[in-house]
Amino acid sequence: MKKTLTLILVALLVASCAFAATSTKFTKYANIFKSHEYTLKGTSYALSSSGTKTGAGAPLVVAEHAGSYYMEASSEGESYRIIVEEGKMHMISDAEKLIMTMTYEEGDDDIMTFPEKFEVYTSGNGTLDGKSYYYETMKEADGTVSTYWYNGNNLYAIKNADSIVYITSVEQKVDASLFQLPADYEVMDLTDLMSLFGDWSDTDDYSNWYSDSSSSWDNWDSYTGDGWTYDSSDYNWWDDDTDYSPNYLALGQYFGLTEAQAEEFSEAMYAIQYLDWGTLNEYVSNGKFDFQGRKLEDVGYLASYEITAIKKLVQGFKK
């Protein structure tokens, strides 16, 4: 259940990181989020691989109050609420009148948070839903880009590769009743169940679990009932620290480029990798791009040096 919720919400997760210029438009919102006493309301949509909205919009409410966190959202027509307080996360299903409780550690991906500082990666005017709005992008530590759209000075929408949230309101006030757990709901405490398995990314946690004779893989048949046994000695997935990030600089040098040429090649490849294809594909007509008099750098949120690097890369294919 927790893993499923993580997959649902990871598309909405927003985090901050340091880049060139601080956004002035976002300042008033940053101050509100810094207070940790706020309520944000909006509507979220999932995006297809082409960047278009799919399905009906789902209402979204996020709030913080007195050190506690609240989120109200829905997925596939099922509504749910989350309350995080005192190291516990309560997942509430009003339809089933059920509260599932588990341990919460700061940084878990199950909740949506907002940056308290916004460093602008690129900015300009762009088209969203057929209308022109001012945008600012924020590049996150993992290289993904989130786009913040403004209607005048008001935050209008937050978009990334997988989802878009249209902002209805952001206020520095909270309804304290949101943080009250229903008294008449059944409570399912999953804390002990989750601690049984521990954090599988931590070898020590796994080793402790495995060494427990009552729950080792040798006794897996007590759980499955089919007598199946498993030798874990051949598998060490949790120890995999392989770096899967692209190394275009080394690749360019491998194919005979000088270090300077390889650096230009790397810039071009990263620029292509971070293009907002959801936005670009809105301008496709008869299989070709028609930017309606605008430039690729404006539509694709690219700096001039990135455009130059891409052009040099493309020129190499001309004969």
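Computed quantities for the displayed model
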quantity	calculated
The lone exception for L9 - which of (1) modelled with pLDDT under 85; (2) surrounded by 13 or more Cβ atoms within 10 Å (Cβ to Cβ); (3) over 19 Å from M91 (Cα atoms) it fails	(3)
Matching residues, region 274-314, being over 29 Å from the mean Cα position of the chain (by Cα) and closer than 19 Å to K159 by Cβ	R294
Matching residues in region 28-42 - criterion: being assigned to a helix (DSSP H, G or I) and either touching a Leu at 6+ places or on another chain (Cβ under 7 Å) or polar (S, T, N, Q) (or both)	Y29, N31, S35
Residue ranges of strands (runs of 3 or more DSSP E) in region 117-194 with at least 3 members surrounded by fewer than 18 Cβ atoms within 10 Å (Cβ to Cβ)	122-128, 131-139, 163-171, 186-189
Wholly within region 51-102, strands (runs of 3 or more DSSP E) carrying at least 3 residues that are modelled with pLDDT of 90 or more, closer than 15 Å to A183 by Cα and of a type outside the set (K, R)	88-93
Residues of region 269-285 satisfying the condition of being among the hydrophobic types (A, V, I, L, M, F, W, C) and part of a helix (DSSP H, G or I)	M269, A271, I272, W277, L280
Residue list for region 115-161, restricted to those being within 23 Å of S35 (Cα to Cα) and among the basic types (K, R)	K117
Whichever residue in region 12-27 is assigned to a loop (DSSP other than H, G, I, E, B) and under 16 Å from T113 (Cβ atoms) and, among such residues, is modelled with the highest pLDDT	F26
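The values are calculated or read from the model by the stated rules, or taken from the named source; none is laboratory data. Treat the numbers as computed from the prediction; the structure is a model and nothing was measured. Please note: Cβ atoms are built from the backbone with ideal geometry, for glycine as well, and neighbour counts cover all protein chains shown.
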